[in-house]
Amino acid sequence: MKKIINFLLTLVILGLIGFGIYKVFFSGEKLNSFFDREVTLSVWDQVTVSSEVTVKLISIDDNRCKEDDCDREGQFVAKFLVFNSKKMAYIEVGSLDPEPTKIDKLSIEYIVELTNVSEDGKSVTIKVNKG
């Protein structure tokens, strides 16, 4: 009985790992673009920029203030997975932060700029450049 439980538990863990790998690398629309061009992504979409770097939108969090007595403005926070052939980096970019986010963890530096977030928070427009 203990062997069956361990076997089923192993299958569940392997299934969850496989599902996570599928969501990160294979699900969503795959787009191609060039540096210094804007592209619009929905959640789980990815764009390959000039065959050098891939940017995948993981999620968009709505941190805007929805109450009447709120003392802050709030913002959308977009979470990206940025990877090239050698390394991978996780970044978060806020809609109120006007500065582009520089990624220096990769072998070549890239800059991801969040230019627009849709009102419903379902898609973002980004621009990727070499640093």
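The values are calculated or read from the model by the stated rules, or taken from the named source; none is laboratory data. Owing to the predicted nature of the structure, the values given are computational and were not obtained by experimental measurement. Neighbour counts run over all protein chains shown; Cβ positions are idealised from the backbone, glycine included. Just the protein is used for accessible areas: all its heavy atoms, side chains included, with ligands, DNA and RNA removed. Shrake-Rupley method; radii C 1.70, N 1.55, O 1.52, S 1.80 Å.
Tabulated data
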read-out	value
The chain - percent of accessible surface contributed by carbon and sulfur, probe 1.4 Å	54
The chain: angle of helix 2-25 to the longest principal axis, Cα-based, in degrees nearest 10	20
Calculated [θ] (222 nm, deg cm²/dmol) that DSSP helices of n ≥ 4 give over the chain, each run adding -39,500 (n - 2.57)	-6500 deg cm²/dmol
Dipole of region 1-83, positive end: most advanced residue of L41, L9, F83 [Cβ charges, Cα centre]	L9
Convex hull per residue volume in Å³, alpha carbons only, for the chain	158
Loop sites in region 1-90: trypsin sites (Lys or Arg not before Pro), DSSP, at most 15 other Cβ within 10 Å	R37, R64, K66, R72, K86, K87
Relative contact order for the chain, counting Cα pairs under 8 Å that sit 6 or more residues apart, in percent	20
Average accessible surface area per residue within the chain, 1.4 Å rolling probe, Å²	65
